[in-house]
Amino acid sequence: MSINNCQIINLSVVGKEIGNLTVIEGKRDVPFDIKRIYYICDIPEGVERGSHAHKSLQQLIIAVSGSFDIVLDDGKDKKIFHMNRSHIGLYVCPMIWRTLNNFSSGAVCLVLASELYDENDYIRNYTDFSNALEK
Ligand code: TYD
């Protein structure tokens, strides 16, 4: 998998005059069925999150409030995405090392995931990640 398989997804927004309603439908707006939703908020200044890869999980990551950076790394190339719009998501495919940092005050990070939580799907050590890519 390459970071070129990860992409920005522009989500549809309805009714702008009375506030933005953003819609995300599994298999329509994202290339997977949505099995789990979680969000991260009250993130202390300077904190870095992520720093792991997933063996098979697919995710869409959205800054529903505030902003943060997502650094993607496929073992060869790295790319930084600055997330600061509630209607723009970043699709992250399996086997990509991701780090989230530079959280603004009040940032809320919403994540839609293709599978239920499974710690066995995580690769939390970068050397293990590099080794897995070579297999
Ligand atoms: P983790 O995915 O490492 O968070 P981040 O990538 O944002 O730094 O998860 C942090 C902790 O929360 C870890 O102990 C696992 C737990 N967790 C769950 O129990 N269920 C979940 O759906 C998620 C995403 C994490």
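Filtered by the rule that a residue be over 18 Å from Ser114 (Cα atoms) and assigned to a helix (DSSP H, G or I), segment 4-35 gives Asn4, Lys16, Glu17, Ile18. How many of the residues making up segment 68-99 are part of a strand (DSSP E or B) and without any contact (Cβ under 8 Å) to a residue 60 or more places away in the chain? Summing the residues that are part of a strand (DSSP E or B) and without any contact (Cβ under 8 Å) to a residue 60 or more places away in the chain in segment 68-99 gives 10. From the list Ser86, Ser114, the one residue that fits, being away from the ligand (no atom under 16 Å from the Cβ) and either under 14 Å from the mean Cα position of the chain (by Cα) or closer than 13 Å to Ala53 by Cβ (or both), is Ser86. Set side by side, the residues Phe68, Phe32 differ, and just one is of a type in the set (Phe, Trp, Tyr) and closer than 13 Å to Asn101 by Cα, which is Phe68. Ala113 meets the conditions (1) in contact (Cβ under 8 Å) with a residue 40 or more places away in the chain; (2) within 30 Å of Lys16 (Cα to Cα); (3) surrounded by fewer than 14 Cβ atoms within 10 Å (Cβ to Cβ) in every case but one. The failed one is (3). Among the residues of segment 25-65, those identified as of a type in the set (Val, Ile, Thr), away from the ligand (no atom under 11 Å from the Cβ) and open to solvent by less than 50 Å² (accessible area, probe 1.4 Å) are Val30, Ile62. Name the residue that is farthest from the ligand (Cβ to nearest atom), counting only residues in segment 117-135 that are open to solvent by 70 Å² or more (accessible area, probe 1.4 Å) and assigned to a helix (DSSP H, G or I). Step by step, filter segment 117-135, then rank; the result is Glu134. Selection over segment 14-23 of residues that are open to solvent by less than 70 Å² (accessible area, probe 1.4 Å) and either at pLDDT below 95 or within 14 Å of the chain's Cα centre (by Cα) (or both) gives a count of 2. Take the residues in segment 89-110 that are away from the ligand (no atom under 11 Å from the Cβ) and polar (S, T, N, Q), then tell me which one is most open to solvent (accessible area, probe 1.4 Å). Among them, the one singled out is Ser105.
The values are calculated or read from the model by the stated rules, or taken from the named source; none is laboratory data. Note that this is a predicted model, so its numbers are computed, not measured. Glycine also receives a Cβ, built like all others from the backbone with ideal geometry; neighbour counts cover every protein chain displayed. Quick note on the areas: whole protein, heavy atoms, side chains included, nothing else; ligands and nucleic acids left out. Shrake-Rupley method; radii C 1.70, N 1.55, O 1.52, S 1.80 Å.
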